[in-house]
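Heads up, the thing below is written out as structure tokens.
FYI, it's all coordinate maths here, none of it is from the lab. All figures in this text were calculated on a predicted structure; none of them were measured in a lab. Heads up, the Cβs are rebuilt from the backbone with ideal geometry, glycines too, and the neighbour counts pull from every protein chain shown.
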Amino acid sequence: MTKEELTLTIEKALEEIRPFLNSDGGDITLVSIEDEKHVKVRLEGACNSCSVSGMTMRAGVETTIKKYAPQIETVVNVM
């Protein structure tokens, strides 16, 4: 998978997650993909300061991204 294809695949995963985040006043943006296995995202809006954002990252964002792109090893939220 090329870097462009990987980016499109991860964006597709984020589109699946986005409605859930939007319903709570939040959003998510892809920041970068490093070495084609490490993803950086930015939780925005209400999700940025939410007390359960860590759980959202692991249970929602990371799981969904890995479902679409199993080669991804880590997904982290950057401020």
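³J(HN,Hα) across the range 33-42 via Karplus (A = 6.51, B = -1.76, C = 1.60, θ = phi - 60°), whole Hz, x for Gly/Pro?
Per-residue couplings from phi come out as 10, 10, 6, 6, 8, 10, 10, 10, 10, 10 Hz.
Give me the number: length gained by fully extending Lys37 to Arg58, i.e. 0.36 nm times residue separation minus the C-alpha to C-alpha distance, one decimal in nm.
Values: separation 21, 0.36 × 21 = 7.56 nm, distance 1.60 nm.
Contour length minus the Cα-Cα distance gives 6.0 nm.
With +1 assigned to the C-beta of every Lys and Arg and -1 to the C-beta of every Asp and Glu, and no other charges, what is the dipole magnitude of the chain about the Cα centre in debye, to the nearest 20?
Working: 9 positive and 13 negative charges, 38 e Å.
My answer is approximately 180 debye.
Given the Cα-Cα distance of Arg18 and Lys67 and 0.36 nm per residue of separation, how much length would full extension add, in nm? If you can, show how the numbers build up before the last one.
Values: separation 49, 0.36 × 49 = 17.64 nm, distance 1.54 nm.
The Arg18-Lys67 span can extend by a further 16.1 nm.
Apply the Karplus curve 6.51 cos²θ - 1.76 cosθ + 1.60, θ = phi - 60°, to the phi angles in the range 63-79 and return the couplings in whole Hz, x for Gly and Pro.
After applying 6.51 cos²θ - 1.76 cosθ + 1.60, I find 4, 5, 4, 5, 5, 7, 9, x, 6, 6, 9, 9, 9, 10, 8, 10, 7 Hz.
Need the list of aspartates and glutamates near Lys66 for cross-linking: C-alpha distance under 13 angstrom, and skip anything on the same chain fewer than eight residues off.
Glu11, Glu16, Glu36
How big is D for the chain, in µm² s⁻¹ as a whole number, if Stokes-Einstein is applied with the Kirkwood radius of its Cα pairs at 37 °C and 0.692 mPa s?
266 µm²/s
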